[in-house]
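The values are calculated or read from the model by the stated rules, or taken from the named source; none is laboratory data. On a predicted model such as this, the values are computed, not experimentally measured, just so you know. Quick reminder, even Gly has a Cβ in these numbers, built from the backbone with ideal geometry, and neighbours come from all protein chains shown.
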Amino acid sequence: MDTTSKWYEDPVYIKMCDNPDIQEVAIKRVKRDNGWLRASAVGEIANATAKNGEVFTFYLGTWLPYQHQLQGMVYRYPDESDNLWTTFNGIYDFVMQSPVLRNRYASQFTSMEQLWLAFVMKEKFNKTWTGTEWK
């Protein structure tokens, strides 16, 4: 995993996030919380805070979810105290025991953000990353 660049500067992660399925999640969350509290931008990166305090990072208008936001999308049992462990087991199965491992699918991801996003897309939308797009 590359730790020299910032996750929000990763061109592959930005491209992976630039799809309607993920972008709709941000829109629904902000609408649910009745809009934005404040926003700031530095160059191509913008941060916005929803009225509930949740922070969203955007690159040229594309929402780039933080890891905890991705993990929150796939918690298996949100009302149980062990939801983190059930989610961890889910991603473990995705990486280690999934049929897609046979073609080393997970090895193409170079950051935890990319890996978690791939897991979310498979779990929520049954899509896999081809290296250039979601199918």
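In table form, for the structure just shown:
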item: Condition met for residue 120 (modelled with pLDDT under 80, aliphatic (A, V, I, L, M) and assigned to a helix (DSSP H, G or I)); result: no
item: Test for residue 15: is it in a helix (DSSP H, G or I) and at pLDDT 85 or above; result: yes
item: Any hit, the stretch 41-62, residues being part of a helix (DSSP H, G or I) and modelled with pLDDT of 80 or more; result: no
item: Members of the stretch 26-38 that are surrounded by fewer than 12 Cβ atoms within 10 Å (Cβ to Cβ) and in a strand (DSSP E or B); result: 38
item: Only one of 93, 82 that is modelled with pLDDT under 75 and acidic (Asp, Glu); result: 82
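Conditions tested, residue by residue: (1) over 28 Å from residue 91 (Cα atoms); (2) touching a residue at least 60 places away in the same chain (Cβ under 8 Å); (3) not aliphatic (A, V, I, L, M).
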site: 13; (1), (2), (3): no, yes, yes
site: 22; (1), (2), (3): no, yes, no
site: 43; (1), (2), (3): yes, no, yes
site: 46; (1), (2), (3): yes, no, no
site: 55; (1), (2), (3): no, no, no
